[in-house]
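The values are calculated or read from the model by the stated rules, or taken from the named source; none is laboratory data. This one's a predicted model, so the numbers in the text were calculated from it and none came from an experiment. Cβ placement follows ideal geometry from the backbone for every residue including glycine, while neighbour counts extend to all protein chains displayed. All accessible areas refer to the heavy atoms of the entire protein, side chains included, with ligands and DNA or RNA removed. Shrake-Rupley method; radii C 1.70, N 1.55, O 1.52, S 1.80 Å.
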Amino acid sequence: MNMMRLKQDTVTLAHGGGGKAMRDLIESVFTSVFQPDGMEDQARLMDAALQEPGARLAFTTDSFVVDPVEFPGGDIGKIAVCGTVNDLAVGGAKPLWLSAAFIIEEGTEIALLRRIVESMRIEAEKAGVRIVTGDTKVVGRGCADKVFITTSGVGVIPAGRTLSADRIQEGDVAIVNGVLGDHGAAILAARGDMMLSTDIQSDCQGLGHLMQAVCAAADVRACRDATRGGVASALNEMAEACGLAIEIEETALPLRTEVKGVCEILGLDPLYLANEGTLVLFVPEDQAEAALAAMKSTEAGQGACIIGKAKKGPKGQVTMRTLFGGARIVDMLVGEQLPRIC
Amino acid sequence: MCLGIPGQITAITDPTRMMAMAEVSGVRREVNVAPIVTGALEDVVGKWALIHVGFAMAEIDEDEAAKTLEALRGLGEAQETLEAMAAGDAALEGRA
Amino acid sequence: MKYAEEFRDPKAARAALDAIARVCDQIGATAENPVRIMEICGGHTHAIFRYGLDKLTHPGIEFIHGPGCPVCVLPMSRVDECVQLAEQPNVIFTTFGDAMRVPGTRKSLLQAKADGADIRMVYSPLDALELARRNPDKEVIFFGLGFETTTPSTALSIQQASREGLTNFTVFCNHITVPPPIKALLDDPHMKLDGFVGPGHVSMVIGTHPYDFIADDYGKPIVVAGFEPLDLLQSVLMVLEQIRDGKATVQNQYARVVPEHGNPVSIAAINDVYEQRPSFEWRGLGEIDHSGLRIRDTYKAFDAEEKFGIGYATGARSVQEPEGCECGAVMTGRMKPTQCPMFGKGCTPEMPLGALMVSSEGACAAYYQYGGARAVEAAE
């Protein structure tokens, strides 16, 4: 890797000016890592899978503004790649190409940028995608929080595959790929306001390979990645879309002990904590075993388990059977979950 | 203002300010132990306490905890006894 | 999790629920003619709904939700004063998360934060102290909210600030005490209550004797309860047994945490730092004598009211509740959340009218969030 040395340690407005300083920054920090053979402003691409009859193009975009930009288990770059890869994957697509646009605050350390870009390179390679185009802007101090990243992604959905929440039927089971809430808990601890120290790491990971495996093994009706608002929000959206009720079992929810601890101390509900590598999908009940086996054969699906099922009514409602067989509603999150002392 | 959680005191961190490290399911937070110090400060290490807003408010009495659980289990046994008695009655009356 | 999970055992819960049902039958309690038990503390309200205990217990029990939610009883004028303090230049206003969303006349603290005020959520008053140490050029104000559970923490923090000679740390004191509003409710001829589930964590500080008057003067049983579902179920059982046996005493179900005479260090700190206000305004209950605390003159330097000339130091102004808001009636058990005409219509968690829909332990929020309002069939 030919990493051109830059004169400065931090990003200045000159780096956003369009002149030589900017070209040097882009070449040294971004293109030399993402496209060592050279990068054009427009990527011209073709993949054989796109030409298959019945195949469809999948296209998604997302912006990433996480604070702190580096946290236990990852950084904003890792999330930016995994987030968009996962958006494509949960729609049933094989992720192919990503774009990456950066808005950088004046004064940001270049060494930080290099670490973020390296994270992105690693995740892209793991996911089997290429970062083929991008953009860089620099804004004045205080106009951005170090780095904002927007990634768009393109993938291909094979013929005959449709993942959509309105395909969920009564009796279908809900499966998650692992423990819930790690990312949200890790971020909360990393922000430092609550002065908690834990070893919890973000669950940030790509789910492309897992989705390929499970879609090949079972009829996946629908799938959502449980990002902001947690698993509860994903389930509420899906229930709304299919007009059925979803019932989950409190005893079936996989949770790390430390995440339970953070939630107990701060009075939070782990169902609403953000995830960055966790999804929930629905399959027909008689295909659950096959789906679980396929998921467990991948790195991201080791902890796969059934958490509930779709039922007749009331429409759009998500409920949870508690430890004692009592029932409570798991509602849509309103605003942000705030730590409480009551 | 009720959210308190049992945690274990693992070490003294600042004797002048009576601060110690408490641990709850692997999560650590520095807490003030003034309310539970009755003798030497170091004596609180290893004890379980009710943690609320950064203070160890009360020591958890292990004997009392055991007694409460005992009473609760007793309810279960009483229930089983009642069920056994009911089954016995039913058998006697030819209902079983 | 030790000392928590054992008290969530479903098998034991089943047994407790059966025992409760048996005693209810012995009393002759039915849905039409229920035993009315008040859980005083908002944390208990939250736990009851979180675990679905209201639906699992015998229909002859009616839970009356008490005023033990310090956010819920906060008058709007106090929220306005918080916002006023926070909007001053050079102030870092620190508060527990619970208070952030309560609407004031103009805005909530969360809205004030969005508008640029330096408002920070903290887990502990000690964190506010640390902010004061790290920011010597700023005025750090801590919003001291809560019943006796939290009062000692603020008191100990003020004592620490005094020892260190900090000059930029003050507390906006809204601490209140539990016994006075209970007495006010018991004196209300419209309130019909048969027994109480007492606040476990308040009692860990003040002990069990402050409730003697409930049994001795008013002839009602009270059981001080822990917060795990088994604690609540066992306490409800104990209250029912007292009612069945015609008894009225103070019992301590939470003996593993609550000492009979409370915590000496906490009590001493409270007495050192605070004194009773002659009266204090409670949302929904009006002015109650000797129910609120203010910082003593000896610690005047740490009193935000003194330093910033606000609140009771300048003469409180009472603020009208918003049109249609029935928080007062719900909080004193005269009305169920679902009976409030605004519930779910003009007042929702997204657009709350009053504190009971905003506070995580407010009865309305619990009903709305956990489904008391909507028919949820317990799964077979």
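Observations on the model:
- Cross-chain or 6+ apart pairs with Cβ under 9 Å, segment C:101-119 first and closer than 17 Å to C:Phe172 by Cα, then hydroxyl-bearing (Ser, Thr, Tyr): C:Val102/C:Ser108; C:Val102/C:Ser359; C:Gly104/C:Ser77; C:Leu109/C:Thr95; C:Ile119/C:Thr94; C:Ile119/C:Thr95
- Selection status of A:Ala213, away from chain C (no Cβ under 14 Å) and touching a residue at least 24 places away in the same chain (Cβ under 8 Å): yes
- Of everything in segment A:9-53 that is within 21 Å of A:Lys94 (Cα to Cα) and over 27 Å from the mean Cα position of the chain (by Cα), the residue that is most open to solvent (accessible area, probe 1.4 Å) is A:Gln51.
- Pairs with Cβ under 7 Å, 6+ apart, first in segment C:234-255 and on the phi < 0 side of the Ramachandran plot, second basic (Lys, Arg) and buried (at least 18 other Cβ atoms within 10 Å of the Cβ): C:Ala248/C:Lys220
- Within segment A:262-283, tally of residues that are farther than 16 Å from A:Gly229 by Cβ and in contact with a helix residue (DSSP H, G or I) (Cβ under 9 Å, 6 or more places away or on another chain): 6
- Matching residues, segment A:172-201, being under 20 Å from A:Met295 (Cα atoms) and either open to solvent by 20 Å² or more (accessible area, probe 1.4 Å) or touching a His at 6+ places or on another chain (Cβ under 6 Å) (or both): A:Val179
- Residues within segment C:22-48 that are open to solvent by less than 30 Å² (accessible area, probe 1.4 Å), in a helix (DSSP H, G or I) and within 14 Å of chain B (Cβ to nearest Cβ), tallied: 8
- Remark: C:Arg101 falls outside the filter, which requires a residue to be over 19 Å from the mean Cα position of the chain (by Cα), more than 10 Å from chain B (Cβ to nearest Cβ) and at pLDDT below 95.
- Of the residues making up segment C:352-380, those that are part of a loop (DSSP other than H, G, I, E, B), open to solvent by 20 Å² or more (accessible area, probe 1.4 Å) and either more than 22 Å from A:Val318 (Cβ to Cβ) or at pLDDT 80 or above (or both) number 2.
- Segment B:40-68 - residue that is buried (at least 18 other Cβ atoms within 10 Å of the Cβ) and assigned to a helix (DSSP H, G or I) and, of those, farthest from the other protein chains (Cβ to nearest Cβ): B:Val44
- Tallying residues that are at pLDDT 95 or above, open to solvent by 10 Å² or more (accessible area, probe 1.4 Å) and not β-branched (Val, Ile, Thr) within segment C:184-206 yields 1.
- Residue identified as under 20 Å from C:Ala19 (Cβ atoms), within 14 Å of another protein chain (Cβ to nearest Cβ) and charged (D, E, K, R) among C:Glu260, C:Glu228: C:Glu228
- Filtered residue count, segment A:109-164, keeping only those that are open to solvent by 40 Å² or more (accessible area, probe 1.4 Å), among the aliphatic types (A, V, I, L, M) and farther than 23 Å from A:Glu70 by Cβ: 1
- Count - residues of segment A:6-31 that are within 21 Å of A:Val132 (Cα to Cα) and among the charged types (D, E, K, R): 3
- Residues of segment C:71-93 include at least one that is touching a residue at least 40 places away in the same chain (Cβ under 8 Å), within 13 Å of chain A (Cβ to nearest Cβ) and under 25 Å from C:Asp137 (Cα atoms).
- Of the criteria (1) more than 14 Å from every other protein chain (Cβ to nearest Cβ); (2) touching a residue at least 60 places away in the same chain (Cβ under 8 Å); (3) within 20 Å of C:Ser162 (Cβ to Cβ), which one C:Asp297 fails: (2)
- One residue stands out among those in segment B:1-21 that are out of contact with any Lys or Arg (no Cβ under 7 Å at 6 or more places or on another chain), in a loop (DSSP other than H, G, I, E, B) and open to solvent by less than 40 Å² (accessible area, probe 1.4 Å): the one that is farthest from the other protein chains (Cβ to nearest Cβ), which is B:Gly4.
So that you can scan it fast, the table gives a plain yes or no per residue for (1) at pLDDT below 95; (2) touching a helix residue (DSSP H, G or I) at 6+ places or on another chain (Cβ under 7 Å); (3) within 14 Å of another protein chain (Cβ to nearest Cβ):
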| site | (1), (2), (3) |
| --- | --- |
| A:Arg228 | yes, no, no |
| A:Asn236 | no, no, yes |
| A:Ala241 | no, yes, no |
| A:Leu244 | no, no, no |
| A:Asp286 | no, no, no |
| A:Ala290 | no, yes, no |
| A:Ile306 | no, yes, no |
| A:Pro314 | yes, no, yes |
| A:Gly326 | yes, yes, yes |
